[in-house]
């Protein structure tokens, strides 16, 4: 959500300092007369604990820093939710074009100068510069991956003309630097035109690097990851670049200080929070998740997020998280970082299965390739009730899930036709079933306990109309068999006559002459021997019995003649099994 909600101090790209972030979250909760954004008024900044033993580093003040953290909300999202690992970026391919530079990253770039720090010159106080917000920052641990923009404090050969158009930064147009380097007419410095050159040219730097961490651990990571690297690797890469005399020069170096990068930022016409540097892609389910820093908020001693966030000790710092590498530091409160918010959710109860039965006869014994109903609670998300639709069919396969609701029968996927919070209708897989079948329902990642259902090769039933009594049947002209008083949009009903041949539809009659292919949208094959069907206790003649659709049997039945008028009992027997009791077919003379 990029709306400023009336809060001042939000940059064009949506970043803001820590104090503004807290004001923005408060406005989010006050939105819509206090109802809050999306109906929630408990939005908060992501919490981070002071001590996280999963982190790679521990600062002198006892706080946990660096990669590998998993206890903070944003670190957990990075590693568990997005399944990323240090130093992977959420947008590794993103690079902005700010002519004449390209592949400019919305993150930090290394500079040479070290301002000292508690960890010494090799670890702390290294100057860096952020093109995302136009602010320099200090690195307090060695295990940071940032970008490298090589420069030469002068020209390569004859510098390009600086008179055209009054542009401060111009491309080289002649010699080996043409198209590959740019010249800043104000500072007289040359820069690589590709602002993430290491991603495409490692100059032979390959392999991994081991990074010392707390608790006698080491981290193994690529020396160069999508162009980002440690400072030590950046030094090696520049040496290799100079050894190759890139563009005819061996004078490439890191910018002396972050001020040099600040001058380039200004001469490119950028401004703090420039929206041109934003990633617009997607990362997992997120839109516009930026490969940069996001504000966090320290948890108090009870594990709750502070409100307002008073800062990490010292009070001029606060937790943040870098989605460009998976790194958790503390940062100055005046930095402009991005904001993600969440609200606490009480975990919903998982699915609870109470009944598994034949979908038509409601017999509690199920069979292979049979339509089955499952009843219970929390079977699907609240308010989510639907049947399968055309988009649910992929590669001519029946859907095994609808809206992240799925069912397994003895560990094999069933085919889901209908979902609701209290009922699911499935077609069981065609695999043979023994005396029992273990049913598991999964909804939105939560699985039910196993439910044991009785099972056998056959579970025969007639499909019935909505009254639950009259069998689903059609005349040869396509009209429906039933009392004339029945109605359905687009259909007419009429009774059958003695001696007439009608089609009756059934479920759960087992294997046919053609083996069923699991998940196929087409099924066929006939039953042998044919089932026997009686109407009003009199034998009917079964002309055909077979599968015509997934799990749907069609019986072409010639009614006995004579047979009494009115609603008459109809029963099918197959082997030693019979259809559900009490089903009817309507007869007229």
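Every number here is computed from the coordinates shown, using simple stated rules; none is lab data. Just so it is clear, the model here is predicted, and its values are computed rather than measured. Methodologically, a virtual Cβ is constructed for each residue, glycine included, from the backbone with ideal geometry; neighbour enumeration extends over all protein chains shown.
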Among DSSP bridges having both ends in the chain, what percentage is antiparallel? Round to the nearest 5. 90 percent
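Given an 8 Å cut-off on Cα distances and at least 6 residues of separation, report the relative contact order of region 352-455 as a percent. Please report the intermediate quantities before stating the final value.
Values: 263 pairs, mean separation 32.0, N = 104.
Taking the mean separation of contacting Cα pairs over the length of region 352-455, I get 31 percent.
What FRET efficiency comes out for the pair residue 578/residue 220, r = Cβ-Cβ distance, R0 = 60 Å, nearest 0.05?
Working: r = 67 Å, r/R0 = 1.12.
FRET efficiency, residue 578 to residue 220: 0.35.
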Quick one: angle between helix 18-30 and the longest Cα principal axis of the chain, in degrees between 0 and 90, rounded to 10, please. 30 degrees
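For the chain, what does the relative contact order come out to in percent, with C-alpha contacts under 8 Å and a separation of six or more? If you can, show how the numbers build up before the last one.
Values: 1454 pairs, mean separation 66.3, N = 589.
Contact order relative to length: 11 percent.
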If I model a spin label at residue 513 and residue 188 as a point 7 Å from the Cα along the Cα→Cβ vector, what separation in nanometres do I get? 9.5 nm
Distance in nm between label sites at residue 201 and residue 375, each 7 Å beyond Cα in the beta-carbon direction? 7.2 nm
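Just check region 96-277 against the gyration tensor rule for me: Cα atoms, a ≥ b ≥ c as the square roots of the eigenvalues, rounded for a/c under 1.5, and otherwise prolate or oblate depending on whether a/b exceeds b/c. Intermediate results must be reported in sequence, preceding the final value.
Details: a/c = 2.06, a/b = 1.53, b/c = 1.35.
Judged from the Cα gyration tensor, region 96-277 comes out prolate (a/c at least 1.5, a/b above b/c).
For region 96-277, what is the percent of antiparallel DSSP beta bridges, rounded to the nearest 5?
Numbers: 29 of 31 bridges.
If I count the DSSP bridges inside region 96-277, around 95 percent turn out antiparallel.
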Using a simple spin-label model with points 7 Å from Cα along the Cα→Cβ vector, what separation in nm is obtained for residue 494 and residue 245? 9.8 nm
Any chance you could run the full-extension gain for residue 479 through residue 450? It's 0.36 nm times the residue separation minus the Cα-Cα distance, nm to one decimal. 6.2 nm
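Taking 0.36 nm per intervening residue step and subtracting the Cα-Cα distance, what contour gain separates residue 26 from residue 394 on full extension?
Values: separation 368, 0.36 × 368 = 132.48 nm, distance 4.45 nm.
Between residue 26 and residue 394, full extension yields an extra 128.0 nm.
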State whether region 343-475 is rounded, prolate or oblate according to the following rule on the C-alpha gyration tensor (a ≥ b ≥ c being the square roots of its eigenvalues): a/c under 1.5 gives rounded; otherwise a/b larger than b/c gives prolate, and the remaining case gives oblate. prolate
If contacts are Cα pairs under 8 angstrom and at least 6 residues apart, what is the relative contact order of region 444-589 in percent? 25 percent
In region 379-411, whose amide N lies under 13 Å from the spot 7 Å out along Cα-to-Cβ of residue 436? List them in ranges. 410
Ignoring everything except DSSP H segments at least 4 long, calculate the 222 nm mean residue ellipticity for the chain; use -39,500 (n - 2.57) per segment, divide by total residues, nearest 500. -2000 deg cm²/dmol
Between residue 385 and residue 567, what FRET efficiency comes out of the Förster formula 1/(1 + (r/R0)^6) with R0 = 35 Å and r the beta carbon distance, rounded to 0.05? 0.60
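Once you order the gyration tensor axes a ≥ b ≥ c over the Cα atoms, which shape class does region 414-474 get: rounded for a/c under 1.5, otherwise prolate or oblate by comparing a/b with b/c?
It is oblate, given that a/c is not under 1.5 and a/b is not larger than b/c.
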For the chain, the longest principal axis of the Cα atoms and the Cα long axis of helix 258-267 enclose an angle in degrees, to the nearest 10, of 70 degrees
With Rg/Rh (Cα atoms, Kirkwood Rh) defined as stated, name the option among (1) 1.19; (2) 0.97; (3) 1.25 computed from the structure displayed. (1)
Computed over the chain: longest principal axis from alpha-carbon atoms vs helix 231-243 long axis, angle to nearest 10 degrees, is 70 degrees
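Using 1/(1 + (r/R0)^6) with R0 = 22 angstrom and r between the beta carbons of residue 155 and residue 115, what's the FRET efficiency to the nearest 0.05? Spell out each step's value before the answer.
Working: r = 30 Å, r/R0 = 1.34.
Computed FRET efficiency for residue 155 and residue 115: 0.15.
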